[in-house]
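Report on the following structure.
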Amino acid sequence: MERTARFGETIIRFAKKIPRNPGNNRLIDQLVGAATSVGANYCEADDAVSGKEFKQKIGTCRKESKETMFFLRMIAAAEEDLASEARVLWREAKELNLIFGAIWRK
């Protein structure tokens with residue numbers, strides 16, 4: 001749970017570095033929404049009342065981490081100066097995605 005919270009916080013700090021303009025605004029909003037949803041859904045999975053609910057919430061975590069990866073890629077393309085930092089965050093999103101995938105398959 002702590003890892004997902006730290007990830008969301010790191011994404012929020014990263015998003016503040018992205019220049020605001022009509023093209024980036026949507027990317028920023030989508031990125032922050034997806035990345036912070038990872039942790040929020042993990043909290044919900046942790047409090048699930050059934051195995052079915054747990055699996056559904058972990059599946060949502062997986063989807064949100066994948067969406068985060070997508071928007072990090074788009075931001076790296078839009079803002080080349082931030083591409084290396086976006087790639088580091090992309091790798092963390094990928095690791096989280098793999099973890100959630102392994103949990104979901106159990």
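Nothing in this text is a laboratory measurement; each read-out follows from the coordinates by a stated rule. Since we're looking at a predicted model, the values are computed, not measured. No Cβ is skipped: glycine too gets one built from the backbone with ideal geometry, and neighbour counts run over all protein chains shown.
Pairs of Lys residues in the chain are counted when their Cα atoms are under 15 angstrom apart and they lie 8 or more places apart or on different chains; the count is 7. A simple count of charges around R87, restricted to other residues whose Cβ falls under 15 Å of its Cβ and scoring Lys, Arg +1 and Asp, Glu -1, yields -2. Given their separation in residues at 0.36 nm each and the Cα-Cα distance between them, D47 and F70 gain 5.5 nm when the chain is fully extended. The alpha carbons of the chain occupy a box of 44, 21, 19 Å along the principal axes, longest dimension given first. Using Cα atoms only, what is the angle between the long axis of helix 22-46 and the major principal axis of the chain, expressed in degrees (0 to 90) to the nearest 10? Taking the Cα atoms of the chain, the angle to 22-46 is about 20 degrees.
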